[in-house]
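Here is the structure we will look at, set down as structure tokens.
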Amino acid sequence: MIVNNVWYNVIASRSKNFLPLRAIIGKKSEMNNQTGKPIVFVHGAWHGAWCWEKVIPILKEKGHETHALDLPGLGQDETPVGEVTLDTYVDAVKQLVSDIDDKVILVGHSMGGLVITQAAEWLSDRIHALVYLAAFSPKDGEALSDYAWNDSRSYVTRYKQVNEAEGSVTVDPEKLPACFYGMCSAEDTQNAIARLRPQPLAPLTRPVKITPENYGSVRRYYIECTKDQALTWPMQQKMQPNARLDGLFTLETDHSPFYSCPGDLADCLVQI
């Protein structure tokens, strides 16, 4: 099914009370008025809360409450690289979500998928749904690195530059436009690259610990990006069964839909 140039796929529900995605599409305005859950954005590696700057105004115009945070050591957060762990990432999400009165839609982009996976184990009663946006979706006992370093076609895998002494990783600067922003405007690409920061390594190698009782009780959706050069489409598809999805959206774009097609991304999110 295509709506507003976005492919929507319906996946069999794990709960008899789940409203099928096709019904959500058919009652878009009604569902928006009824569910209107706050949306919390968790960015990916190297990025910060700034990367949502184009999609947030669109969602606010549609009447949605939105929140975005800088993960420790990224964006404008000044936590030293050596103090950053997966736990510090999850603690930052917990603090933000705990300050919101309603259940939230928790959106994780790329590495943010790792963060929302672990966060859902600890915050299952505070989460309306998880949304993986071209994101890592590890199983219990798996780390992001189990997938990232084996994505042989990924520009990140091919052109990563590891600083063992600092405990961080970057990407060859010459490859950044093609890696992350292949379908974005030159202006957006330039502005984004200027704000990237080295990514702490420690969270990437820490396995998640999740259970069917907690993480497994939360609805989960995936927005795949078919032209992605950072986390390739085949690798995204490989990880999708890990999450036992309630719904799948497909965007024919690069790794940064918040810049390349923010309107289409917003259209996906308001269906959840």
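Looking at this structure, is Gly73 crowded, with 18+ Cβ neighbours inside 10 Å, under 23 Å from Pro138 (Cα atoms), more than 16 Å from the chain's Cα centre (by Cα) and modelled with pLDDT of 95 or more?
So Gly73 fits the description; yes.
Under 9 Å between Cβ atoms, at least 6 apart or on separate chains: pull out the pairs that start in segment 74-86 with a residue that is free of Cβ contacts under 8 Å to residues at least 12 places away in the same chain and end on any residue that is outside any loop (DSSP other than H, G, I, E, B) and of a type in the set (Val, Ile, Thr).
Thr79/Thr88
Only residues that are under 14 Å from the mean Cα position of the chain (by Cα) and assigned to a helix (DSSP H, G or I): list them for segment 92-132, please.
Val93, Gly112, Gly113, Leu114, Val115, Ile116, Thr117, Gln118, Ala119, Ala120
So Val208 clears everything in (1) within 24 Å of Arg126 (Cβ to Cβ); (2) touching a strand residue (DSSP E or B) at 6+ places or on another chain (Cβ under 6 Å) except one condition, right? Which one?
(2)
Would you check which residues across segment 191-219 are over 21 Å from Gly73 (Cα atoms) and among the polar types (S, T, N, Q) and list them?
If the condition is that a residue be over 21 Å from Gly73 (Cα atoms) and among the polar types (S, T, N, Q), then Thr211, Asn214, Ser217 are the ones that fit.
Tally the residues that are of a type in the set (S, T, N, Q) and either closer than 19 Å to Lys160 by Cβ or modelled with pLDDT under 95 (or both), restricting the search to segment 243-270.
1
Output the residue which, of all residues in segment 80-91 that are β-branched (Val, Ile, Thr) and over 16 Å from the mean Cα position of the chain (by Cα), is surrounded by the most Cβ atoms within 10 Å (Cβ to Cβ).
Among those residues, the one meeting the criterion is Val84.
Looking for something touching a residue at least 60 places away in the same chain (Cβ under 8 Å), surrounded by fewer than 20 Cβ atoms within 10 Å (Cβ to Cβ), assigned to a loop (DSSP other than H, G, I, E, B) and not polar (S, T, N, Q) - is there at least one such residue anywhere in segment 256-265?
no
Of all residues in segment 210-224, how many are in a strand (DSSP E or B) and closer than 12 Å to Asn242 by Cα?
Total meeting the criteria: 3.
Tell me which residues, restricted to segment 120-154, are among the aliphatic types (A, V, I, L, M) and without any contact (Cβ under 8 Å) to a residue 40 or more places away in the chain.
Leu123
Only one of (1) within 23 Å of Trp46 (Cα to Cα); (2) out of contact with any Ser or Thr (no Cβ under 6 Å at 6 or more places or on another chain); (3) free of Cβ contacts under 8 Å to residues at least 60 places away in the same chain fails for Gly216. Which number is that?
If we test Gly216 against (1) within 23 Å of Trp46 (Cα to Cα); (2) out of contact with any Ser or Thr (no Cβ under 6 Å at 6 or more places or on another chain); (3) free of Cβ contacts under 8 Å to residues at least 60 places away in the same chain, just (1) comes out false.
Give me the pairs: first residue in segment 87-113 and within 13 Å of Val42 (Cα to Cα), second residue in a loop (DSSP other than H, G, I, E, B) and among the basic types (Lys, Arg), beta-carbon distance under 8 Å, and six or more apart or on different chains, which are they?
Note: pairs meeting the criteria are Val104/Lys37; Ile105/Lys37.
Examine segment 10-26 for a residue that is within 18 Å of Asp267 (Cβ to Cβ), buried (at least 19 other Cβ atoms within 10 Å of the Cβ) and at pLDDT 95 or above, and state whether such a residue exists.
Scanning segment 10-26, I find no residue that is within 18 Å of Asp267 (Cβ to Cβ), buried (at least 19 other Cβ atoms within 10 Å of the Cβ) and at pLDDT 95 or above, so the answer is no.
The values are calculated or read from the model by the stated rules, or taken from the named source; none is laboratory data. Model, not experiment: these values are computed from the prediction. All Cβ positions, glycine included, derive from the backbone under ideal geometry; neighbour counts span all protein chains shown.
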